[in-house]
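Worksheet: one structure, shown below.
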Amino acid sequence: MEHTFKKWDSRLFFFILLFTIWGAVTFFSVSSPISQRDYGNSYAYELSFLSKNVLLGTCAFLIFSFLSWRSLRKISLPLFLLTFLFVLGTFIPGIQLGGESAHRWVNLGFISFQPSEFLKFSFLLWFAFFIPQIRREFQSSVHKGLVVIGIISLVSLFVYLQPTLSTLLIMWVSLMVAYISLKPNVQELMPFFIVIGIFLVFSLFWGYRVDRITSFLSGGSTEVDYQKNQSQLAVGSGGLLGKGLGNSKVKLIGLPLMISDSIFSVYAEEVGFIGSVALIGAWLFFIWHIVQKAERSRDQDKRFFAYGVAAWLSLQAFIHIASNIGVMPTTGIPLPFFSYGSSSQIALMAALGVINGLEYS
């Protein structure tokens, strides 16, 4: 029992508890009008949020908190392969979820989820063991580079085709930052730049992606631009101190996807500049704690994983907030702990569970 308590990172737990409560309160404030409209009561979406994001996320955190690093090494490859198979399943009509984002969801009848969100976790975890191994086994930088290019390209291809470039960007950056933590030479980093370059060039010939970027730069009048404009209006109208919880005006008008993709804009309207800075500041302290844990680790695989998680959480929050304030095109990236997106939150909490037990496994 004493060993179990030693594995608990009290500071990490404090941040998780803080953001869980913060997110749940914010989500209720944002979702209550929509819940009243859709279900006739103000609590339907909040109860779903608590049962999926919070409860299932907590279960994932606890499970991975108490798995030893040796156990994680054993399950990392099967977990990655299973997740990747589900990503492939998003292209199979029988199990893909219908709708505009069919290629992002798997529907198993009793549950539906986004496997690419879980791939962020499983791919990073497996790579944490795989990269140090190939660095030991391959002397030639060319051979190492070809292996890394092949694996990352294969995984990236099916995430890219979903299409979800923002998720892919988070995966690339988290892997690259994690790899940089091992102090590689320039030749070892080249595979990442090659893969990213190839996919970015392909994007120039994909009308869907090009249209989103050109519309954003030109200030067009599509639904995406409407969402961006309304988000900016909400953030700007919050002023210094905000309008108060529950007093958002834009959520009464109706902001597209405001309980998921646009939740920060409603939050900023209600708590203002001060409340927004407080959230961003707390998030930066949270990330810094994870970085400190990475720095204390003498094992390359643990250091790799911790830096990758820090990069993942940093970039995901940055993309969400940046798209809400109009400095980036609107994406489908949820804000961790705040947005209605259980797949993303469960994967994130599983990763934090590994971080929790990192020093004692």
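The values are calculated or read from the model by the stated rules, or taken from the named source; none is laboratory data. Everything numeric here is computed off the predicted structure, so don't read it as measured data. For neighbour counting, all protein chains shown are included, and Cβ atoms are generated from backbone atoms with ideal geometry for every residue, glycine included.
So that you can scan it fast, the table gives a plain yes or no per residue for (1) under 17 Å from residue 11 (Cα atoms); (2) within 12 Å of the chain's Cα centre (by Cα):
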position: 268; (1), (2): no, no
position: 272; (1), (2): no, no
position: 283; (1), (2): yes, no
position: 296; (1), (2): yes, no
position: 302; (1), (2): no, no
position: 308; (1), (2): no, yes
position: 319; (1), (2): no, yes
position: 325; (1), (2): no, no
position: 359; (1), (2): yes, no
remark   = Per the filter on segment 218-245, residues of a type outside the set (D, E, K, R) and modelled with pLDDT of 80 or more are 239, 240, 241, 242, 244, 245
request  = Scan (1) in a helix (DSSP H, G or I); (2) touching a residue at least 40 places away in the same chain (Cβ under 8 Å); (3) over 24 Å from residue 115 (Cα atoms); (4) not aromatic (Phe, Trp, Tyr) for the single condition residue 350 breaks and write down its number.
outcome  = (3)
ask   = Mind checking which pairs have a first residue in segment 276-287 that is in contact (Cβ under 8 Å) with a residue 12 or more places away in the chain and a second that is assigned to a helix (DSSP H, G or I) and among the aromatic types (Phe, Trp, Tyr), Cβ under 6 Å, 6 or more apart or different chains?
value = 286/15
query = For residue 8, all conditions in the list (1) surrounded by 15 or more Cβ atoms within 10 Å (Cβ to Cβ); (2) at pLDDT below 90 hold save one; what is the number of the exception?
reply = (1)
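From the set of residues in segment 267-317 that are touching a Pro at 6+ places or on another chain (Cβ under 9 Å) and buried (at least 23 other Cβ atoms within 10 Å of the Cβ), which is nearest to residue 356 (Cα to Cα)?
Within segment 267-317, the first condition is being touching a Pro at 6+ places or on another chain (Cβ under 9 Å), and the residues that meet it are 283, 299-301, 304, 313, 316-317.
Going one step further and asking which of them are buried (at least 23 other Cβ atoms within 10 Å of the Cβ), we end up with 304, 316-317.
On the way: 304: 15, 316: 20, 317: 20 Å.
Within segment 267-317, the match that is nearest to residue 356 (Cα to Cα) is 304.
Go through the residues of segment 314-327 one by one and say whether even a single one is in a loop (DSSP other than H, G, I, E, B) and free of Cβ contacts under 8 Å to residues at least 24 places away in the same chain. Working first, answer last.
At the first step, the residues of segment 314-327 found to be in a loop (DSSP other than H, G, I, E, B) are 325-327.
Next, from what is left, pick out any that are free of Cβ contacts under 8 Å to residues at least 24 places away in the same chain: 327.
Looking for residues that are in a loop (DSSP other than H, G, I, E, B) and free of Cβ contacts under 8 Å to residues at least 24 places away in the same chain, one finds at least one in segment 314-327, hence yes.
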